[in-house]
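The values are calculated or read from the model by the stated rules, or taken from the named source; none is laboratory data. Note that the structure is a prediction, hence the values are computed from the model and not measured. Cβ coordinates were reconstructed from backbone atoms using ideal geometry, including for glycine residues, and neighbour counts include every protein chain displayed.
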């Protein structure tokens, strides 16, 4: 087990730390986006922390995850460094993807993080593929595909689960049901009470758990992992959760009211886990406050790092299209203007 | 390997189908991380029989039958390529690319770039193209322009048995996503094929299939053989040089430009639809680099912006062939 093992006191502390880090990271990312410092879109994970961290708590460090557009939490849960994540959100050369991916495409393949993904439902085929490599090479890992409730309606999700099930691949599909597919409530997108019921169609186990409870998520994923490693194929875990922020930052949220948000906050995944650790005598409120301050300064450092980091050179736009660069791109790179663009000059 | 070195290798006569199969077999033998996957590629031997016998030889783990699930297996192949294996996908007909386009255009093509070069995607996609067998509009398309146009993907399209083998092997050995477009009407076409296990055709290198002085014909796939026939029939009247680009992206512009600088005349023959396509790209590059060498307008031969109709007389009407190549040469020479 990894340093996130919920069966150990240290593991529980680390899990709490990662949940708090996710929340602090995303709160600050939201603020900096609102200030205009972070370009593009950001989709925040606040409220859903127990799903990502609970899932990764049941994984080994070399297991794979394929993420969604709401991927910051998965990255931190998998152990990525907030500093390089923030640099990526800022579009800086030191970011995980050298600034080419941004919030929606953060990846660290070496750490088993196969990418956030801007296409709803694209993670499961990726996870099935990683599980295929694992199975083909008789390796010991598993691959997790995260998807949202909205993605359950996607055809490629069905195809990915069907393939994984048919081939008994070591994959786990974690449905983060945050109750809204963008701005449309889940009940208007599916004619099902539990999305995990779809698992029956593939003859694989499907369970629905409280996604605000890190332990419940970790237990379900651990069972799925054991099953995958035993060669019994994939499992679907639906985690019922809630996003406190809009679909994206700037979303005016006409589809829900404050009362609903407040009701979910009563089950807050961080508060409830913290309370449990205090009850067990493993944590005091003071220690938790210290942890929060420490993490706030970690995130402040990440912001400072990202702000100070350099943008990529304009010529980097022409790099990394291929492993073996074709002459076409080399030519465009050669004629790139230093102010950032090959258009208008000599081309081809 | 240079074209000269290709000529010096020992060869055997075989069909395009056999040449591709030999290339697949050699790569399966050479690298355990290579495996084939697709609809009916295993027990059935491939719907156009290209993978016949490989299932018996290598087993179902390495020659994997998939569900009829192009989006699922194209996405899985991308994920598998990113995590340590080298899948070779057969997409039964290139028309089915539409079903799996999301995985091709938003995942396979973009991952290496979006991740700052940190994911390598050694995935090969073999697929069939072309009209001529009465397969009608949804099984006869020539869509390689889409892939050649889309940044992040490489596209090759063999016109001879030798290049069919060599490009297949080069695609599998490449660490980038490569699409191999096989014209289904040339599977039975025979040619001399190098038997050396290390014979490959470098991606991005054209072949001058026939030397000539008066007109350059850049032809792809089935139209390579047909253009060579036309060139022979015009011998003594017009001296025709025939170039098979073999690779559409990257494209060996230098070989084509060098030829046009010599001949001053160009015909581009490719079965894809004429508008906004492969022909236009080749012509654009030639005019950029050899404009002042041109003695006549550039001609193009292709499908006249229709789908492939079912009825044989209609199919023959729109399918570009040797008569169209001949007419184009004669208009400018």
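Please specify each residue of the range B:187-200 satisfying the condition of being assigned to a loop (DSSP other than H, G, I, E, B) and in contact with a strand residue (DSSP E or B) (Cβ under 8 Å, 6 or more places away or on another chain).
Answer for the range B:187-200, where residues must be assigned to a loop (DSSP other than H, G, I, E, B) and in contact with a strand residue (DSSP E or B) (Cβ under 8 Å, 6 or more places away or on another chain): B:187, B:188, B:189, B:195.
Would you check if there is a residue in the range B:163-174 being in a loop (DSSP other than H, G, I, E, B) and either assigned by TED's automatic domain parsing to the domain that holds residue B:94 or buried (at least 24 other Cβ atoms within 10 Å of the Cβ) (or both)? Yes, the conditions are met somewhere in the range B:163-174.
Could you identify the single residue in A:115, A:101, A:91 that is facing chain B (nearest Cβ under 8 Å) and at positive phi?
Unique residue meeting the criteria: A:115.
Could you check how many residues of the range A:43-78 are part of a loop (DSSP other than H, G, I, E, B), within 14 Å of chain B (Cβ to nearest Cβ) and either more than 12 Å from residue A:112 (Cα to Cα) or over 10 Å from the mean Cα position of the chain (by Cα) (or both)?
The qualifying residues number 5.
A single entry from B:49, B:56, B:32 fulfils the requirement of being assigned by TED's automatic domain parsing to the domain that holds residue B:182, assigned to a loop (DSSP other than H, G, I, E, B) and without any contact (Cβ under 8 Å) to a residue 12 or more places away in the chain: B:32. Considered as a group, the residues in the range A:145-171 that are touching a helix residue (DSSP H, G or I) at 6+ places or on another chain (Cβ under 7 Å) and part of a strand (DSSP E or B) include one that is surrounded by the fewest Cβ atoms within 10 Å (Cβ to Cβ), and that residue is A:146. Screening residue B:116 with (1) touching a strand residue (DSSP E or B) at 6+ places or on another chain (Cβ under 9 Å); (2) part of a loop (DSSP other than H, G, I, E, B); (3) within 14 Å of another protein chain (Cβ to nearest Cβ) gives one miss only, at (1). For residue A:40, are the conditions met, namely being within 14 Å of chain B (Cβ to nearest Cβ) and modelled with pLDDT under 95? So residue A:40 fits the description; yes. Within the range B:92-103, restricting attention to residues that are in contact with a strand residue (DSSP E or B) (Cβ under 8 Å, 6 or more places away or on another chain) and crowded, with 24+ Cβ neighbours inside 10 Å, which residue is nearest to residue A:321 (Cα to Cα)? This residue is B:100. For the range A:118-135, filtered to residues that are within 8 Å of chain B (Cβ to nearest Cβ) and surrounded by fewer than 22 Cβ atoms within 10 Å (Cβ to Cβ), the residue that is farthest from residue A:42 (Cα to Cα) is A:119. Using the structure shown, decide if residue B:131 is farther than 18 Å from residue B:156 by Cβ, modelled with pLDDT of 95 or more, more than 8 Å from chain A (Cβ to nearest Cβ) and crowded, with 24+ Cβ neighbours inside 10 Å. In short, yes.
Return yes when residue A:205 is touching a helix residue (DSSP H, G or I) at 6+ places or on another chain (Cβ under 8 Å), surrounded by fewer than 24 Cβ atoms within 10 Å (Cβ to Cβ) and away from every other protein chain (no Cβ under 14 Å) and no when it is not. In short, yes.
Take residue A:83 and decide whether it is within 11 Å of chain B (Cβ to nearest Cβ) and touching a helix residue (DSSP H, G or I) at 6+ places or on another chain (Cβ under 7 Å).
Answer is no for this residue.
Out of B:230, B:218, report the one residue that is under 30 Å from residue A:325 (Cα atoms) and touching a residue at least 12 places away in the same chain (Cβ under 8 Å).
B:218
Taken together, B:233, B:247 contain a single residue that is at pLDDT 95 or above and closer than 22 Å to residue B:183 by Cα, which is B:247.
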